[in-house]
Amino acid sequence: MIALFGPKRLDRRQRLLHIVVVASTLWLLAVGVWEIASPFGAGHIAVVPARGIIADNMLKWGIWYPVRDYTVGAPEPALAYAHHPWGSYYLFVLAEVLFGRHEWALRLVPVLVNAAMPWLLATVARELWGTTAAVFAALGCAVCPIILAFLQFPSFEQFWVASCLLASIGALKYLRWRRWRWAGVTLIGVLACAHSDWPAYIFVAVNLGVGAVLIAFWPKISLDRRQLRNLLRLMILCGAILGGSLLLYISLFRRAGLLEDWLGSAQFRATGNEASLVSVLRHRRYWIELMFTPVGIGVGLVGAAIMLARIVRYRRWTETLPVVLLGSAIVHYLVFKNGADVHIYWPLPFAAQFCLSLGLLAATLEASWPAIGARWSWLSRRRWWRGLPVSAVALIAFGILFDGLRVLDYARDTGCRFNEHGRLIRADFDKTTALEAFARRIPEQSAVGLHASMFADWTQQWALHRPVTIQGVSSSRAWSDEKYVILDARFTSSSTLAAAGALDTITAIGPFWLLDRGRVRQPLDAFRLVQHVPSVLDHYLVSSHDAPYTVAVDPFRTWELRWHLNQTPNPWPPPPTTYEERRAFHNAAVARGDQAEADRMRLALVQQLDRSSARQFADGTRLLGHRLVGKWPRRLQVYFQARGPVFGGARFEVRSRVLRAPMFSTVAADDTVRSVGFNFEIPPSDWRANMIYVSVSDIRKRPGLEVFSGRWIGGTAHQLPHSETTSSWIRLFELR
């Protein structure tokens, strides 16, 4: 590099490298801090509160093994989570010790690890291929979609990749300078590998094996006896750390009775390996393109080819480091098929391959460009010609950034679930607010039963800060032994709701019901979840996709729910002031037999609806129309006037499909048909004649032009409402 550019040009390159590394790090920190204090929701992001529960248990009970659920007493070792090494969990313990029990403190751990990646990747690239490669490796880290999407996500992949890069830096520096401080960095990196995740064992073991073979059989090893002895000592120490750590975990798992669980976890994640590679990749095509873009995938493939060519050309052990890292990522992705099918972030280790490939591509083009320009001397004298290859790679990187920003927004809006293979996405920020309010009504040492309708996850345990038991779906009172039970009325059967209303004291916050089974039954009290517009600072730090919720008394919902549960006393609601209050007041007017007031309220409702979807169904049910409300998030409200009950578990399903990809995107349009519609809070089988009911669905828009439609499903053919005028699917609206 010095001979090619001269000392002055080298200084300029070094300054550019420092600027890009610092800028990339600050950019990743800024993205990571965005919504860092947001409440936890559902989805893959629920893994973050799981780390918090582990830290809580370690600090409360003084245990050193990870337990992912709250317990009434000190958890036994048999409850430990034994699918991964335990090293990364202690980072979250440290975060809680330093900063307390906060959402932002837990998210800070993966944010800081990811913010270190530009320096780690740039250092490895610089040691291998020079300053230009380092600049673009750091730049690639700042634009890669999967890195931006999962900045706040504590995946084991990010920890083991960072550990492998740290060990590589130590090894490369040691081989260059022969100083023991770099040997110490290598040992620290290997120790981090051993306690991050199992694919890191592959990386270290293969590199040690390659190094041993080269030392034993390669004739061009230019080391004196002392240097060779020191290198062998370092390799033996690395092997001892790796082997000792593995034996330690095997011993711990065996003593806790978790050895079969550990081995079974690998077998479970590898299920489905009988499928062909082509079919597997075709099935995951959209996820892969979304995480890297087709251009990014091409960069990674070209980079892999250049890496292999350099091994053949230069025959240096150091050139095998990125190839072995790539091989570890391939094993992780292809062998553990079940994990990759379920978790969109599974190919995260390939992000390092993309970044290193981007740097290697830029360095290779720059090195070969003078030879190309020598054929046309007039071109080689032009400054723009000399900078053309580097500029072209920079344009590739910034082109990928456009899709990366879309993916970042998509990830935050869906809890890192994206299209979820078409399944319904529940963000559950409203649920978290309700659970935190319920927790203030429940004694600290009491366990809580979570009904199956809650789709229990670690976010709910974190919000309650109490042990939970998962309950079934039976309508019998015996379906829970806990004094306190929580359910989601939208996903609970009519018979279960009726049994709860007849026997238990109910507090309803939104669609979430807290059943107090230890008190003499009192009439239901209902509260609504109210969203408020966040300040500019809260919009950045707390929530840009789901505005914060507060809990407020709701006499209208109290009346409506008591009426449908046949509870008394049930005073009539006051005059309405909001749209939803008018709907409930309409139903109260119907119950009183005040037809004039009911007609006035219905007219006020219909005037604000999009009537393009309005129609009469054969059973007498009327779809009055729909409307989109709110911004954080958008919500679809579809209004129906009932003729009477609709039996058979019927519900109004809303689905969406993407018609075309967004402009200037290299990622293909998502071809998955996604479920969007939530169930009614009052089941259709409990509907009363002439009353109006609303289906409310969160709209988490996908990139591109997306169209939303709805129809009745769930019951038998003779029980479902059928339109007299159109086909069963009703086009509602589209979003660009």
Per residue, the convex hull volume that the Cα atoms of the stretch 493-652 enclose (Å³): 149
Write down Rg/Rh for the chain, rounded to two decimals, with Rg from the C-alpha atoms and Rh from the Kirkwood relation over Cα pairs. 1.04
Rounded to whole Å, sorted largest first: equivalent-ellipsoid semi-axes of the stretch 420-554, Cα gyration tensor: 26, 17, 15
Using Cα-Cα distances under 8 Å and only pairs 6 or more residues apart, what relative contact order does the stretch 2-414 have, in percent? 21
Once the Cα gyration tensor of the stretch 609-736 is found, what semi-axes does its equivalent ellipsoid get, as square roots of 5 times the eigenvalues, in whole Å, sorted largest first? 28, 15, 13
Rounded to the nearest 0.05, FRET efficiency between residue 628 and residue 181 (Cβ-Cβ, R0 56 Å) equals 0.40
At the level of C-alpha centres, the distance separating the stretch 167-192 and the stretch 658-685, in angstrom, is 49
If you count, for each residue, the other Cβ atoms within 10 Å and average over each peptide, how do 522-531, 295-304 line up from highest to lowest? 295-304, 522-531
Projected convex hull area of the stretch 320-473, Cα atoms, direction-averaged, in nm², equals 15.0
Would you mind checking 173/337; 60/483; 337/701; 431/701; 431/483 for any pair whose Cα atoms are more than 32 angstrom apart? 173/337
So if R0 is 56 Å, what FRET efficiency would residue 503 and residue 230 give, r being the distance between their Cβ atoms, rounded to the nearest 0.05? 0.15
Alpha carbons only, please: Rg and Dmax for the stretch 32-147, in angstrom. 17.5, 57
Cα-based convex hull volume of the stretch 52-91 per residue, rounded to whole Å³: 63
Angle between the chain longest axis and helix 225-255 axis [Cα atoms, degrees, rounded to 10]: 20
Neighbourhood charge, 12 Å Cβ-Cβ cut-off, centred on residue 164 and excluding it, Lys, Arg +1 and Asp, Glu -1: -2
Inter-part gap, Cα centre of the stretch 290-351 to Cα centre of the stretch 61-112, in whole angstrom, is 31
Selection from 17, 438, 485, by position along the positive dipole direction of the chain (Cβ): 17
Rounded to the nearest whole number, the Stokes-Einstein translational diffusion coefficient of the stretch 249-408 at 20 °C and 1.002 mPa s (Kirkwood radius, C-alpha pairs) in µm²/s is 115
Among 324-334, 71-81, what's the highest-first ranking by average C-beta atoms within 10 angstrom per residue? 324-334, 71-81
Within the stretch 627-651, the residues whose backbone N lies under 18 Å from a label point placed 7 Å from the Cα of residue 616 along the Cα-to-Cβ direction are 640-644
Per-residue [θ]222 nm for the chain (sum of -39500 (n - 2.57) over DSSP H runs n ≥ 4, rounded to 500): -17000 deg cm²/dmol
Please name which of 344, 276, 305 has its Cα lying farthest along the dipole of the stretch 263-344 towards the positive end, using unit charges on Cβ (Lys, Arg +1; Asp, Glu -1) and the Cα centre as origin. 305
Within 10 Å, count the other beta carbons around each residue, average over each peptide in 595-606, 145-156, and list them highest first. 145-156, 595-606
Mean Cα-pair separation over length for the chain, i.e. relative contact order, pairs under 8 Å, 6 or more apart, %: 12
Ratio of the Cα radius of gyration of the stretch 2-414 to 2.2 N^0.38 Å, where N counts its residues: 1.03
With +1 on the Cβ of every Lys and Arg and -1 on the Cβ of every Asp and Glu, and nothing else charged, how large is the dipole of the chain about its Cα centre, in debye rounded to the nearest 20? 2940
Given R₀ = 51 Å, FRET efficiency for residue 495-residue 72 by Cβ-Cβ distance, to 0.05? 0.95
Taking only Cα atoms, what is the 0 to 90° angle, nearest 10, from helix 494-503's long axis to the longest principal axis of the chain? 70
So between residue 212 and residue 707, what do we pick up on full extension, going 0.36 nm a residue minus the alpha carbon distance? 172.3 nm
Specify the angular offset, from 0 to 90 degrees and rounded to the nearest 10, of the alpha carbon long axis of helix 595-606 from the longest principal axis of the alpha carbons in the chain. 20
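Here, each number is a calculation from the coordinates, and none is a lab measurement. Note that this is a predicted model, so its numbers are computed, not measured. For neighbour counting, all protein chains shown are included, and Cβ atoms are generated from backbone atoms with ideal geometry for every residue, glycine included.
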